[in-house]
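Chemist: Sending over a structure as structure tokens; questions will come in a sec.
The values are calculated or read from the model by the stated rules, or taken from the named source; none is laboratory data. Bear in mind the structure is a predicted one, so any value in this text is a computation, not a measurement. When we count neighbours, we look across all protein chains shown, and the Cβ atoms used for this are built from the backbone with ideal geometry, even at glycine.
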Amino acid sequence: MTAISKTEVFEPEYRMPAFSKSEDFEENGFRMSAISKNDDDEVSVSGMKINGFSDEYLDRIEPNGNIPDKDCGWERLVDHRESLSRQLSVSSDSKLLDEDLRSEQKVIMRPKKPPRPKSEVYLCKDTRKSKRFSAFGGDSPFGRTEAYMKLDQLGEGSYATVYKGYSNLTNQVVALKEIRLQEEEGAPFTAIREASLLKQLKHANIVTLHDIIHTRETLTFVFEYVHTDLSQYLEKHGGGLHPRNVKLLLFQLLRGLSYCHRRRILHRDIKPQNLLISEIGELKIADFGLARAKSVPSHTYSHEVVTLWYRPPDVLLGSTDYSTSLDMWGVGCIFTEMITGVPAFPGVRDIQDQLDKIFKVVGTPTEETWTGVTQLPNYKPHRLVLHRPRRLATVFPRLNDIPHAESLAMQFLQIQPNKRISSEAALRHTYFDDLPQQIYELDADQSIFSVGGVRLAQELRNYPTSVIQAAREIRKLV
């Protein structure tokens, strides 16, 4: 029989094969228990039983001291009947043991533990090796930095940088808005607000938020990529856009805002830079960092909203009691800018200068023409010049060339906010009467260009890039 160098301690939960126990003896200071196999009957050793092992099988002990596998996993082990009465102890120095003792002794070894069950990630070959929950919930490959690749930088703001990127998941070009996080301050509240609003806004004329990636240093929004915005489009086609294109772009802007306003969401930063335009002419409202989802109207808003040129006079005067009319003033400014090619009220110094630009066109308000205006914080009579209201067509002559354009622009640019036209009513204005009726029957996620015959016209002016760059430099100096 093969000599065994050591044994391991019995544990109560094992069941051993049938053996007869011999007398205990002591030699060289070691207490031993001699055990021999009984062929006729089955005797419990230390209250445990293991059946099905022959002498020859027990003799084939592996070099590591374990009994070879023979379907003797843990499922064959059952509860013991009584506590273990003795423990076998064998000296690590087997040479001290007597040869006769070793020839009689049957050393019973503890079976190998079965391997620890592997995770389902490894058992299922189709399961991804790494899991991460995206901002949209569920087991998803989204929400991972390695899923996207940066290409070119498109722009940089006060707290974010926008890159053109590529999605390894969809094999499409995307826009990556990377927001820098401050370790002590965390994510900017504007980013949190934008993400929460865009997740619930699903419309053909609102930019789509595909994914959100959060790391220790940055928070990245993955948007659909749109190759230009209205500001760049106006620079490229200076002097005003084709009247047909003005109508289609304005309709899409009103369609997107109407969708927001019905859900009591104010954008609060309507300007050409935040209106994206695709290659086929789809307009998409972007940058909801200043947007608010509140009951409308509300008295709790800040007056520090909207870029100065597109800010309504009531907000410039310090009013925080505004509603959807805030966005509609900006729409009126953009409407006239698309027709004329120049900003409607380009203030260059401060709020007072911006107010003066507006009052020269719509007239300086007084308590008689606007009840309560004198109570607004920034209403300072000593700094205001009294102007009489003028017809918009005298200030912006190209309005005369487009039927019903002046009428609609006047309803956008009402000095009193409660008199401004709503987005829903503007969509039904006679200015849009020549558009096909099917355009009003589209679902929210359908583009107006899915209607037959609706397409952008060829622009009348198309300036080269050198001229556009020179115009930008001149505008900066002004």
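Chemist: Within segment 309-339, take every residue that is buried (at least 18 other Cβ atoms within 10 Å of the Cβ) and of a type in the set (Val, Ile, Thr) and give me the one that is nearest to Pro381 (Cα to Cα).
Modeler: Taking segment 309-339 as the starting set, the residues that turn out to be buried (at least 18 other Cβ atoms within 10 Å of the Cβ) are 309-317, 319, 322-339.
Now drop any that are not of a type in the set (Val, Ile, Thr), which leaves 315, 324, 331, 334, 336, 339.
Details: Val315: 17, Thr324: 28, Val331: 28, Ile334: 29, Thr336: 29, Ile339: 33 Å.
Out of the qualifying residues, it is Val315.
Chemist: Something else now. Anything in segment 126-160 that is under 28 Å from Asp229 (Cα atoms), assigned to a strand (DSSP E or B) and at pLDDT below 90? List them, or say none.
Modeler: Scanning segment 126-160 gives Leu154, Gly155, Glu156, Ala160.
Chemist: Name the residues in segment 181-213 that are surrounded by 14 or more Cβ atoms within 10 Å (Cβ to Cβ) and in a strand (DSSP E or B), would you?
Modeler: Passing the criteria: Ile206, Leu209, His210, Asp211, Ile212, Ile213.
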